[in-house]
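Taking it in order: structure first as structure tokens, then the write-up.
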Amino acid sequence: MQLESLVKNFKNKDVKAFESLYEMYKQSVTGVVYNIVRDQTIAEEITQDVFIKAWNNASTYSEKKGRFFTWIINIARNAAIDKTRSKNFKNSSKNLDAEIFVDILENHDNLDSKTDAIGIKNFVNKLKDTCIKVIELLYFKGFTQKEVSESLKMPLGTVKTRSRNCINELRLMLK
């Protein structure tokens, strides 16, 4: 089934369309969520929540504003960030192995295979180094713009501008 008709049927609450889209995107969604929460079980739970939220809010998706994949990835990213900011998550993370955090901080080229299920790594790697750093921190690691600004020692306005410009470059590549 074509993606456009799948999305249309999904918006009309067709269960088969839901199942098809879930199978198409669950690995990518889980990968993006995992890069933020760093826990496979939590990433899988959030992925399920993301698809339920997308199902319940399907009427808010508009093809004119962007691709379905981008819409669902944004829902996933926001859900993962919300989870990491929750009190329960913070309390459960207090005794995690330090290796997790070392990996998050040191490894800037770790778009893992789950995140890269649709081949986005190839496109991101074609960007300038500053774009790669900003995109990875914002979209794959779940940093806020302020945190990116502090991490890269760059003004907040510059982070916002680079983020917008880098995303536009990716859009042009994907057309």
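The values are calculated or read from the model by the stated rules, or taken from the named source; none is laboratory data. Everything quoted here is computed from the prediction, not taken from an experiment. Cβ coordinates were reconstructed from backbone atoms using ideal geometry, including for glycine residues, and neighbour counts include every protein chain displayed. With ligands, DNA and RNA removed, areas are computed over all heavy atoms of the protein, side chains included. Shrake-Rupley method; radii C 1.70, N 1.55, O 1.52, S 1.80 Å.
Residues being of a type outside the set (A, V, I, L, M, F, W, C), touching a Lys or Arg at 6+ places or on another chain (Cβ under 9 Å) and in contact (Cβ under 8 Å) with a residue 24 or more places away in the chain are entirely absent from region 146-156. Looking across region 3-26, the residues that are part of a helix (DSSP H, G or I), farther than 18 Å from residue 47 by Cα and among the polar types (S, T, N, Q) come down to 5, 9.
Residues of region 55-76 include at least one that is closer than 14 Å to residue 21 by Cα, open to solvent by 30 Å² or more (accessible area, probe 1.4 Å) and more than 14 Å from the chain's Cα centre (by Cα). Picking from residues in region 142-169 that are closer than 16 Å to residue 74 by Cβ and surrounded by 21 or more Cβ atoms within 10 Å (Cβ to Cβ), the one that is modelled with the lowest pLDDT is 142. Scanning region 1-34 for residues that are of a type in the set (Val, Ile, Thr), touching a residue at least 24 places away in the same chain (Cβ under 8 Å) and open to solvent by 50 Å² or more (accessible area, probe 1.4 Å) gives no hits. If the condition is being in a helix (DSSP H, G or I) and modelled with pLDDT under 90, then region 33-73 contributes 35, 36, 37, 70.
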